[in-house]
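Note sheet for the following structure.
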Amino acid sequence: GDSVTQMEGPVTLSEEAFLTINCTYTATGYPSLFWYVQYPGEGLQLLLKATKADDKGSNKGFEATYRKETTSFHLEKGSVQVSDSAVYFCALRNAGNMLTFGGGTRLMVKP
Amino acid sequence: GAVVSQHPSWVICKSGTSVKIECRSLDFQATTMFWYRQFPKQSLMLMATSNEGSKATYEQGVEKDKFLINHASLTLSTLTVTSAHPEDSSFYICSASPGTADEQYFGPGTRLTVT
């Protein structure tokens, strides 16, 4: 079945540091790929998505590129802020609109 | 737009009682709603998918008689945890989608504690 693996956290960075959260997937066919963010006490929010190979999703300074050859969708941001502290989930959507989530990575950004 | 609410946001109940959680799409009609369970520091696990007016489809290992899902209208789905036990304590999250191939919009979650 489909699965998503992402790096375990927590990831602790200083403000303005470069962020990478790795995500790889296993799926049949051609899934769409997503990054969701969960701020403390809130529900999941879609951060960015890519629907086909080589697409780059971007939002709020975050970006991720759909790499079919390496089955990866790593999340990056050039300069993180304290307000980026949250849990980040990589996910894929295959047939039937069902999402399969990775385990989540907690990011903590210190001033 | 695309706001999904859940009620209550947290609930404490005694073992053996039942608890109902509501999920509402506030500004769109949700053809499909999903219910997830999230354990501490873990990912979301899909419990069931419900389409308005039809029976929910449960994931393998989820007891349909314990977790009753009703999707009676295009803006409301309910999850009832029947005869709750401490192991049912968890964070329950719903999401709603306007269509089968559309985005899922997530509610803020409901924290259930069974004592």
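Carbon and sulfur together cover what percent of the accessible area of the protein assembly as shown at a 1.4 Å probe radius?
51 percent
Report the gain in length on full extension from B:Thr115 to B:Thr17: 0.36 nm times residue separation, minus Cα-Cα distance, nm rounded to one decimal.
Extra length from B:Thr115 to B:Thr17 when fully extended: 34.3 nm.
Under 28 Å from the Cα of B:Lys64, which lysines turn up, not counting those fewer than eight places away in the same chain?
Candidates past the 8-residue exclusion: B:Lys14, B:Lys20, B:Lys41, B:Lys55.
List the lysines whose alpha-carbon lies under 19 Å from that of A:Lys52, not counting same-chain residues fewer than 8 positions away?
Leaving aside lysines fewer than 8 places away in the same chain, those within reach of A:Lys52 are A:Lys68.
Probe radius 1.4 Å, ligands and nucleic acids left out: can you give me the accessible area buried at the B-A interface, summed over both chains, in Å² to the nearest hundred?
For B against A, buried area totals roughly 1300 Å².
Among all cysteines in chain B, which have no other cysteine Cβ under 4.7 Å from their own Cβ?
For chain B, the answer is B:Cys13, because their Cβ atoms have no other cysteine Cβ under 4.7 Å.
How high is the relative contact order of segment B:1-103? Use alpha-carbon pairs under 8 Å, at least six apart in sequence, and give a whole percent.
35 percent
Which Cα, out of A:Ser32, A:Val80, A:Pro111, lies furthest along the positive dipole direction of chain A (beta carbon charges, K/R +1, D/E -1)?
A:Ser32
Have a look at A:Leu13, B:Gln29, B:Tyr92 and report the one farthest towards the positive end of the charge dipole of the protein assembly as shown, computed about the Cα centre with Cβ charges (Lys/Arg +1, Asp/Glu -1).
B:Tyr92
Which whole-number percent is the relative contact order of chain A (Cα, under 8 Å, 6+ apart)?
It comes to 37 percent, rounded to a whole number.
Taking the Cα centre of the protein assembly as shown as origin, sum charge times position over the Cβ atoms of Lys and Arg (+1) and Asp and Glu (-1), and report the length of that vector in debye to the nearest 20.
The calculated dipole for the protein assembly as shown is roughly 260 debye.
Nearest 0.05, what FRET efficiency do B:Ser73 and A:Thr20 give at R0 = 41 Å with Cβ-Cβ as r? Don't skip to the answer; put the middle values down first.
Numbers: r = 43 Å, r/R0 = 1.06.
E between B:Ser73 and A:Thr20, to the nearest 0.05, is 0.40.
Do you know which residues of segment B:16-59 lose at least 40 square angstrom of accessible area in the protein assembly compared with their chain on its own, with a 1.4 angstrom probe?
Correct list: B:Ser43, B:Leu44.
Quick one: net charge around B:His71, please, counting Lys, Arg +1 and Asp, Glu -1 for every other residue with C-beta under 10 Å from its C-beta.
0
Where the eigenvalues come from the Cα gyration tensor of chain A, what are the semi-axes √(5λ) of the equivalent ellipsoid, largest first, in whole Å?
Numbers: eigenvalues 110, 40, 28 Å².
Calculated on Cα positions only, the semi-axes equal 23, 14, 12 Å.
Run the dipole for segment A:1-61 about the Cα centre, Lys and Arg Cβ at +1, Asp and Glu Cβ at -1, nothing else charged, and hand back the magnitude in debye, nearest 20.
220 debye
Nothing charged except the Cβ atoms of Lys and Arg (+1) and of Asp and Glu (-1): what's the magnitude of the dipole of chain A about its Cα centre? Round to the nearest 20 debye.
Details: 10 positive and 11 negative charges, 38 e Å.
Dipole magnitude for chain A comes out near 180 debye.
For the pair A:Ser79 and B:Phe91, how long in nm is the line joining their label points, each one 7 Å along Cα→Cβ?
Computed distance between label sites A:Ser79 and B:Phe91 equals 3.0 nm.
The values are calculated or read from the model by the stated rules, or taken from the named source; none is laboratory data. These figures come from a predicted structure and were not determined experimentally. Here Cβ is always computed from backbone atoms with ideal geometry, including for glycine, and neighbour counts include all displayed protein chains. Heads up: the accessible areas ignore ligands, DNA and RNA and are worked out on the full protein's heavy atoms, side chains in. Shrake-Rupley method; radii C 1.70, N 1.55, O 1.52, S 1.80 Å.
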